1. Looking only at segment 2-54, filter to residues that are under 26 Å from the mean Cα position of the chain (by Cα) and not in a helix (DSSP H, G or I); which one of those is farthest from Phe108 (Cα to Cα)?
2. Has segment 155-169 got at least one residue that is within 24 Å of Pro232 (Cα to Cα), assigned by TED's automatic domain parsing to the domain that holds Leu350, surrounded by fewer than 21 Cβ atoms within 10 Å (Cβ to Cβ) and touching a Ser or Thr at 6+ places or on another chain (Cβ under 6 Å)?
3. Would a scan of segment 430-453 turn up a residue that is within 29 Å of Ala283 (Cβ to Cβ), outside any helix (DSSP H, G or I) and modelled with pLDDT under 95?
4. Do any helices (runs of 4 or more DSSP H) entirely within segment 309-401 hold 1 or more residues that are among the aliphatic types (A, V, I, L, M) and surrounded by 22 or more Cβ atoms within 10 Å (Cβ to Cβ), and if so, which?
5. When you go through Trp143, Trp110 one by one, which is the residue that is outside any helix (DSSP H, G or I) and either in contact with a Leu (Cβ under 8 Å, 6 or more places away or on another chain) or in contact (Cβ under 8 Å) with a residue 24 or more places away in the chain (or both)?
6. Identify the single condition in (1) at pLDDT 85 or above; (2) in contact with a helix residue (DSSP H, G or I) (Cβ under 8 Å, 6 or more places away or on another chain) that Tyr245 does not satisfy, given that it satisfies every other one.
7. If the Cβ limit is 9 Å and pairs must be 6+ apart or interchain, which residue in segment 451-462 that is more than 22 Å from Leu438 (Cα to Cα) pairs with which residue that is surrounded by fewer than 18 Cβ atoms within 10 Å (Cβ to Cβ) and small (Gly, Ala, Ser)?
8. Would you pick out the residues in segment 25-69 that are in contact (Cβ under 8 Å) with a residue 60 or more places away in the chain and in contact with a strand residue (DSSP E or B) (Cβ under 6 Å, 6 or more places away or on another chain)?
Amino acid sequence: MKPPRFLRSIPRQELFFISLILLLALSLRLYRIDDYLTFLGDEGRDVRVVRNILQGDPAFIGPQTSIGNMYLGPLYYYMMAPFLLLWNFNPVGPAIMVALLGTLTVAFTWWVGRTWFSPLAGLIAAFLFSISPVAIIYSKSSWNPNPMPFFALLAFWSLYQAWQNRRFLYLLVLGISVAFALQMHYLGLLLFPPLGLLWLVALKRYWNTKDRYSFVKLSLLGFLSFLLLMSPLLLFDIKHDFPNYQAFTAFFTNRQTTINLNPLNSDRFLLVLNKLTDDLVMATSHSYLTLASVTLITLSLFYLIRTSKDKKNFLTLLLWVVTGYLGLVVYKQHVYAHYFGFLFPAYYLLLGVLLSRLISSSLPARFLAVALLLSLSYIYLQHSPLHSPPNNQLSRTQAAVDQIISASGGQEFNFALIAKRNYDESYRYFFELKQAPLVRGEDRLTDQLFVICEDGDACQPEGNPQYQVAIFGPAHVVESWQLDHLKLYKLIPSQ
């Protein structure tokens, strides 16, 4: 079977290496994914919503943000839906979707790297991306921020195609990809400055040419595509007195705790720089972060000064990285790795470009590049999340639910979860999936209450102030079970 047309001009040796890299990326992301995936309250909430969508109850909003109490759009739920259905409502299905999309992002990074710079740059970027611990972690679970790298890369690629190659239909793809990125996480807003600036540069290029009409028309259609995909969120806001608008307003006006709109007044420059370097370059090894950051900046400046043929592409890449960095600097809260998913491809492209340039330079520079590449590979593999034992959250949740259903004797029961860092949606999903006779305490009290304690023996269910326990009233434990670190209790009303 012949390869696709766009691959036929690529040397077989390059195709061989990228095939090995993609096989490695896919293997690392799919390896025991059902054991490693995260399945807590947020994930349980998501699959409950998606199950309802598949049963005919559409969703107009997505998850609520942890900061600012804003709602995301529902696109991620609709991405999950076919995979949850194909896997017969097993939550591993959407996680596999994320793993496949993560591998596709590695392939896309290779393609962008070889197109913008060189085949070697693309291969190095894809290889480092494939074994990056942070990329693997966020490709093994179903969570709305996890597809962000793909849509961020697609947005830049689409604008590049319109700007450099006159393929204006890609402006439609630009609008769609930005809408998806923004609905994965609101840090996607940091894509707007670089994309907006590049769009203005492209507009200037075509303004006095015969292509002006096509560029403007397709830009408007791309913007309409963006608005169409964001419309469910807008309709929800209109119907419910604009809670999202009010939350956004509060977020950007309450600057004492959220943002500082003047980066020059920030004291977070080094903190954020080291955070990005630690997670994306040094694999959370917490070693030599300032040195690694300075080295990356120095090599970037050196490349910018010395290069000529692909300077425009390198400036595009730097614009992506620098504006994203400055956006994170003005944010006053803690910066987590999933916040800067939109920078994942950019960082590995930057590493690929710089290392490939060193390899094509003098012999000492070549030795330095090989040493750096081997060192990074060693660090990434040494800190791979697959060295850690799996969390088994999915199987443990199912086992706890099965134990409670068995102990309930087929009779109605109430349920409560006592946990410091979790809530009960993951358990409720399986109770509903297995059609257990679960009754919410606020709807009706039964003769038995089952309590899961995720904090072990430190948890005391009798008289606990947790809402579902408290509304059950005075009760005492009649049975208990130990399941891994979980403690399960059966309580009945006290006479």
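1. Looking at residues that are under 26 Å from the mean Cα position of the chain (by Cα) and not in a helix (DSSP H, G or I), I get Leu40.
2. No, segment 155-169 has no match at all.
3. no
4. On the way: elements: 311-329, 344-359, 363-382.
Passing ranges, in order: 311-329, 344-359.
5. Trp143
6. (1)
7. Asp455/Ala419; Cys459/Ala419
8. Once the filter is applied, which keeps residues that are in contact (Cβ under 8 Å) with a residue 60 or more places away in the chain and in contact with a strand residue (DSSP E or B) (Cβ under 6 Å, 6 or more places away or on another chain), segment 25-69 yields only Ile61.
The values are calculated or read from the model by the stated rules, or taken from the named source; none is laboratory data. Source: prediction; values computed, not measured. A quick note on method: Cβ atoms are made from the backbone with ideal geometry, for glycine too, and the neighbour counts reach across all protein chains shown.
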